[in-house]
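S.K.: Below you will find the structure I want to go over with you.
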Amino acid sequence: GENVEQHPSTLSVQEGDSAVIKCTYSDSASNYFPWYKQELGKRPQLIIDIRSNVGEKKDQRIAVTLNKTAKHFSLHITETQPEDSAVYFCAASTYGNNRLAFGKGNQVVVIP
Amino acid sequence: EAQVTQNPRYLITVTGKKLTVTCSQNMNHEYMSWYRQDPGLGLRQIYYSMNVEVTDKGDVPEGYKVSRKEKRNFPLILESPSPNQTSLYFCASSLSGASEQFFGPGTRLTVL
């Protein structure tokens, strides 16, 4: 089955700087790649996703890039703010497979 | 209000005592799924259902059962809980496995 890995496991950034989290996946048939944010004590919530026919997608301070050849995708957060402190999960899925494989999560800490 | 609900939110039980965690969604989603979240292991899929009476195993199905008799409900059953099933459980619903997952609030289960 699909194996998704996230790096680094913990990332500390100064407020206002950028943060980048990278995920790699193993199944070349995967074609849907979401990112979820989980604040302490809360449920995961989708923040952005990308499908394999697109190389990059942006939503305000958040962007995701996909490199299908290298089988990795990255989350970019610009102008980080304290409320960006959370655990971020990447995932991968394949149309018709109906299984969604999550990575182990990245703890992002924004230092004021 | 569109939502996924889970009950109970917290449960402490003893080894071998059968329990059921309920999950219900009001978004008419066909796809529902159960995940467990453990420190350092991220979100792991237990079971998922693509529609009424259609269920399939995820990555960690051992020790769990599910049923999908109605579209809105997807209960998780632990017939003989063991301490290694102590975890935070999330139910989620979506249009498919390759679309936004809407998570419930979580159920924190402790098996003594």
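S.K.: Please go through the stretch A:8-27 and pick out each residue that is modelled with pLDDT under 90 and within 23 Å of B:V60 (Cβ to Cβ).
M.R.: Residue satisfying the conditions is A:S9 alone.
S.K.: Please find, within the stretch A:8-27, the residue that is nearest to the other protein chains (Cβ to nearest Cβ) out of those that are within 17 Å of A:V110 (Cα to Cα) and part of a strand (DSSP E or B).
M.R.: A:T10
S.K.: What is the number of the single condition among (1) open to solvent by less than 30 Å² (accessible area, probe 1.4 Å); (2) within 20 Å of A:N98 (Cα to Cα); (3) not in a loop (DSSP other than H, G, I, E, B) that A:S30 does not meet?
M.R.: (3)
S.K.: Name every residue in the stretch B:1-34 that is open to solvent by less than 60 Å² (accessible area, probe 1.4 Å), assigned to a loop (DSSP other than H, G, I, E, B) and closer than 15 Å to B:S94 by Cα, in order of residue number.
M.R.: B:M27, B:H29
S.K.: Hey, another quick one. Filter the stretch A:53-84 down to the residues that are charged (D, E, K, R) and touching a Gly at 6+ places or on another chain (Cβ under 8 Å) and list them by number.
M.R.: A:E79
S.K.: If I filter the stretch B:46-84 down to residues being among the polar types (S, T, N, Q) and over 20 Å from B:L11 (Cα atoms), which single residue comes out as surrounded by the fewest Cβ atoms within 10 Å (Cβ to Cβ)?
M.R.: Among them, the one singled out is B:N51.
S.K.: Could you please let me know if B:L88 is hydrophobic (A, V, I, L, M, F, W, C), within 13 Å of the chain's Cα centre (by Cα) and over 20 Å from A:A91 (Cβ atoms)?
M.R.: no
S.K.: Still on this structure, please answer the following. From the residues in the stretch A:33-85 that are assigned to a loop (DSSP other than H, G, I, E, B) and among the basic types (K, R), which one is surrounded by the most Cβ atoms within 10 Å (Cβ to Cβ)?
M.R.: Per the stated criteria, the residue is A:R43.
S.K.: Regarding A:R51, is this residue closer than 22 Å to B:M50 by Cα and over 14 Å from the mean Cα position of the chain (by Cα)?
M.R.: For A:R51, the condition - closer than 22 Å to B:M50 by Cα and over 14 Å from the mean Cα position of the chain (by Cα) - is not met.
S.K.: Hey, among the residues in the stretch A:99-112 that are of a type outside the set (D, E, K, R) and surrounded by 18 or more Cβ atoms within 10 Å (Cβ to Cβ), which one's farthest from the other protein chains (Cβ to nearest Cβ)?
M.R.: A:V110
The values are calculated or read from the model by the stated rules, or taken from the named source; none is laboratory data. Note that the structure is a prediction, hence the values are computed from the model and not measured. Here the Cβ is made from the backbone with ideal geometry for all residues, glycine too, and neighbour counts use every protein chain on show. Quick note on the areas: whole protein, heavy atoms, side chains included, nothing else; ligands and nucleic acids left out. Shrake-Rupley method; radii C 1.70, N 1.55, O 1.52, S 1.80 Å.
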